[in-house]
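Just below is one structure, and these are the notes that go with it.
FYI, it's all coordinate maths here, none of it is from the lab. No experiment lies behind these values; they were computed from the predicted model shown. Glycine also receives a Cβ, built like all others from the backbone with ideal geometry; neighbour counts cover every protein chain displayed.
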Amino acid sequence: MFKSSNPILSKMDNINEQMLEGRPMTVSGTIGKTFVLLLVAAISASAVVYEAMMGYADKVMTIMTIALFGGLITGLVTAFVPKLAKYLAPVYAFAEGALLAAITLIAETQFPGIAFQAVTGTFVAFFVMLFLYRVGAIRATEKFRATIMSALLTILVLYLINIVGSFFNFQIPFLTGSSPVSILVSGIIVVVASLSLILDFDFIEQGSKNLLPKDYEWYGSFGLLVTLVWLYIEILNLLSKLRND
């Protein structure tokens, strides 16, 4: 059975047979729902930018906090209960749009122009990975999946250690700051996030071929959005380090 490196999409790896009710999952359907989620995220992001332009900086910080926890909760629930994806994926997209807008505004005040660079970098990475996948330059082999999964788990562990350590005034040196080593590590993480898209594309295509229920289009688009959000944040982080060097 097909697998994905995306922790969200990998929840479906153990599905062997599904009793279809109506039409099955399709690639075009998943793409359409992905655009819907991106539109929802863009709407909430625009609302946050508008609030900032009106001078309500305090509201932006409040929105960022609410969006952080709202996105985390809806994301975890959707990850463990795929059938709720069609209801919670738009909520997750709305929360993440607001969160990313707030984070980007903070970065933009420090490094003017970084927002455009981060958005452009994310879309370039997405379309490059999509092109490489479509032409077969990079294939989602078992070895490739295992490598990306190992990298993802390593990154997750490092992040958790860094978060817990921050409560005790400890941070992993090569995850913070703008030293050459820290920049290199951020670059590697961006590459891993980009390559994760390859397996997400493959999973969506295989899900269509294996006739998963149509509701899984929302789950597939949700998982793809999770990867895109992560990729954007990592690109923004890398650019911040490069600009601060």
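The angle between the Cα long axis of helix 180-209 and the longest principal axis of the Cα atoms of the chain comes to about 20 degrees, rounded to the nearest 10. Karplus-based coupling profile of segment 73-87, in residue order and whole Hz: 5, 5, x, 5, 4, 5, 4, 9, 10, x, 5, 8, 4, 5, 9, with θ = phi - 60° in 6.51 cos²θ - 1.76 cosθ + 1.60 and x standing for Gly or Pro. Sorted ascending by nearby beta carbons within 10 Å, beginning with the fewest, 96, 142 become 142, 96.
Past 31 Å, Cα to Cα: identify those pairs from 33/241; 209/241; 83/241; 59/241; 59/214; 214/241, in the order given. Beyond 31 Å between Cα atoms: 33/241; 209/241; 83/241; 59/214; 214/241.
For the options 79, 52, 98, a Gaussian network treatment of the chain with springs between C-alpha atoms closer than 10 Å singles out 52 as fluctuating the most. When the Cα convex hull of segment 141-197 is projected onto planes of every orientation, the mean area is 4.1 nm².
In the chain, the ratio of gyration radius to Kirkwood radius, Rg to Rh, stands at 0.97 when only Cα atoms are counted. Here segment 120-245 was treated as a single set of alpha-carbon atoms; its pair distances binned every 5 Å from 0 give 2, 10, 17, 20, 19, 14, 9, 5, 3, 1, 0 percent.
Note that segment 228-243 has calculated 3J(HN,Hα) couplings of 5, 4, 4, 4, 4, 4, 5, 5, 4, 5, 5, 5, 5, 5, 5, 6 Hz, one per residue in order, obtained from phi through the Karplus relation 6.51 cos²θ - 1.76 cosθ + 1.60 (θ = phi - 60°); glycine and proline are x. Computed over the chain with a Gaussian network model linking Cα atoms closer than 10 Å, the most mobile of 40, 181, 135 is 135. Residues 56, 50, arranged from fewest to most other Cβ atoms within 10 angstrom of their Cβ, appear as 50, 56.
Comparing 156, 211, 37 in a Gaussian network model of the chain where C-alpha atoms under 10 Å apart are linked, the largest mean-square fluctuation is found at 156. Enter the Cα centre distance for the pair segment 47-105 and segment 110-158, rounded to the nearest angstrom. Using only Cα atoms, the two centres lie 22 Å from each other.
Karplus-based coupling profile of segment 108-119, in residue order and whole Hz: 5, 5, 8, 10, x, x, 5, 4, 4, 5, 5, 5, with θ = phi - 60° in 6.51 cos²θ - 1.76 cosθ + 1.60 and x standing for Gly or Pro.
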